[in-house]
Every structure is written in C-alpha cells, then in structure tokens.
Amino acid sequence: MINELKKDAEVRMSKALDALANAFNKIRTGRAHPSLLDGISVDYYGVATPLSQAASISIDDARTLSVTPWEKSLVPVIEKAILKSDLGLNPSTTGAVIRIPLPSLTEETRKVYGKQAKAEAENARIAVRNIRRDVLSGLKALLKDKDISEDEERKAQEDVQKITDSYIAKVDENLAVKEKDLMEI
C-alpha cells in the first residue's frame, strides 16, 4: 500500500515537471525554436488543428522560423493565427512559405518573461505540494483503518517528504536554466 502511494506520487510529480517544461518551451528566448509555435491552432476544414499538424516548422537561422503549410490555401489562415497568438510575432509570407523573424529581446521583455517563468515554476511547486498533501492524507486514512502502524506512517511521511524535496529541487534547477537562457544576449 505505502509503496503504491509513493510510486503514484513520483509519477504525478514527474508529470508536473513535464508540464513545467512544456510551459517553459512557450516562453520565448532570443533563439528560434519550433516548440515556440506549439500552442497555436489553425482552422483546418472547420477543425481546430495544431499548427505542427498543418505545416512543417523549421529553423532558417538563429532568429528566424520557417513555416511551410501542407496546402497553399492554409497560408493566410496560418499567418492570421500567428498574428493573433500572444507571442508578439509578425510573420511575413513569400509564396507558400511563412517566415517568422524573432525580434531580439529587450531588457524589459526579458524581465517580463523571467517573471512569467517564475510564476510557472511556482505553479509547478504548488502542484508538487498538492500531490504530497494527497499522499499524506492517504497515509492517514491507512493509519485510521489500522492497515499500517504509526511507525510505518511516520517513515512513509519522511520518504514522501524526500521525494517532494527532490522534485522541488528539480523545479528550481529548471527555473535557473530558463532564467540563464532568458538573460543571454
């Protein structure tokens, strides 16, 4: 029982870390990266479709993304979707290829993105702590039902706290890497 609760906690905490990495990918740094456009959906024959499924996204150079739609009729739709996104990008179309130059980050935008990264990291920490709370309440229920002893509960609580501390440290490491990435010029 206890081991199942700990394994469940680790699986859920790793998912929280994955969600943090996904959120960090959407925060723009100075370099072009295809995952920057992951959150954009386009209307493809009446169905909201992720951009990566309607077009090929590649990197032209360090500050330019290139989007090549599978169908030429999608060019204006994709261009409009990129403009509407909250990424602040201005695509330019040449034939069937949409080029997206990434403007260099100013000190002010770096600070804003840094705050956004800190907020995402705090959300991940909260998620990890909530998972810990759920597991601890499960342990208390086992103790109440007399399925485990008080000593087993105390030992399991210590183990869960160690797991929690390790995942929070990983969140902090990811945040430090992202902040370093944002401050690079």
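The values are calculated or read from the model by the stated rules, or taken from the named source; none is laboratory data. Because the structure is a prediction, the values reported are computed rather than measured. Note that each Cβ is placed from the backbone with ideal geometry, even for glycine, and that neighbours are counted across all protein chains shown.
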Taking into account only those residues within region 96-150 that are assigned to a helix (DSSP H, G or I) and among the β-branched types (Val, Ile, Thr), which is farthest from the chain's Cα centre (by Cα)?
VAL135
ASP86 touching a Ser or Thr at 6+ places or on another chain (Cβ under 9 Å) and not aliphatic (A, V, I, L, M):
no
What number of residues within region 1-30 are within 17 Å of the chain's Cα centre (by Cα) and either surrounded by 13 or more Cβ atoms within 10 Å (Cβ to Cβ) or not acidic (Asp, Glu) (or both)?
18
Failed item, numbered, when LEU37 is tested on (1) among the aliphatic types (A, V, I, L, M); (2) at pLDDT 85 or above; (3) under 18 Å from GLN116 (Cα atoms):
(2)
Elements of type strands (runs of 3 or more DSSP E) contained in region 20-95, each with 1 or more residues being of a type in the set (Phe, Trp, Tyr)
41-44
Taking LEU175 as the residue in question, decide whether it is surrounded by 12 or more Cβ atoms within 10 Å (Cβ to Cβ), part of a loop (DSSP other than H, G, I, E, B) and in contact with a helix residue (DSSP H, G or I) (Cβ under 6 Å, 6 or more places away or on another chain).
no
